[in-house]
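Visitor: Encoded as structure tokens, here's the structure I'll be asking about.
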Amino acid sequence: MDKAFKERMRKSLIALKEQILKQLALENSEFHELIEDIKPKDLADIASDDIDRRILESLGSAEMRRLQLIEAALGRVRDGHYGVCMSCGKKIPRERLEAIPYAILCIDCKASEERRNR
Ligand SMILES: [Zn+2]
């Protein structure tokens, strides 16, 4: 996978993360206090681990799940595994990553995961 594409995906992951964190801050005053002092530049560096577990639990939303996926995807950019399916190790098609930058499973594995969870 070429560097420019990876860098672009990393930027959209960070943008998505900021968007979610800001949205969460609007909905939750405790969370708002937590991130109030953080400069936007640093916002992208917040790992979900830094966010109080209690707050995470009180949120318990689909957005929080997305945030964790984004975090996982950013971790995979860092360790060089971005764009590779976590389950079968095949490459995730570029179009899928463009649609969902935090996709960590290929379409086949995602579909079978969904079948399992049903
Ligand atoms: Zn797969």
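Taken together, the values in this text are just the output of simple stated rules run on the coordinates, not laboratory data. Source: prediction; values computed, not measured. Cβ sites come from the backbone with ideal geometry, for glycine too, and all protein chains shown count toward neighbours.
Visitor: Between Gln23 and Phe5, 0.36 nm times their residue separation minus their Cα-Cα distance comes to what?
Guide: Stretched out fully, the Gln23 to Phe5 stretch lengthens by 3.8 nm.
Visitor: Under a crude label model (7 Å from the Cα following the beta-carbon direction), how far is Ser112 from Arg65 in nanometres?
Guide: Result: 2.1 nm between the two label points.
Visitor: Using modelled backbone amide H atoms (1.01 Å from N, in-plane), which distant-in-sequence or interchain residues come within less than 5 Å of Val84's amide H?
Guide: Under 5 Å from the amide H of Val84: Ile92.
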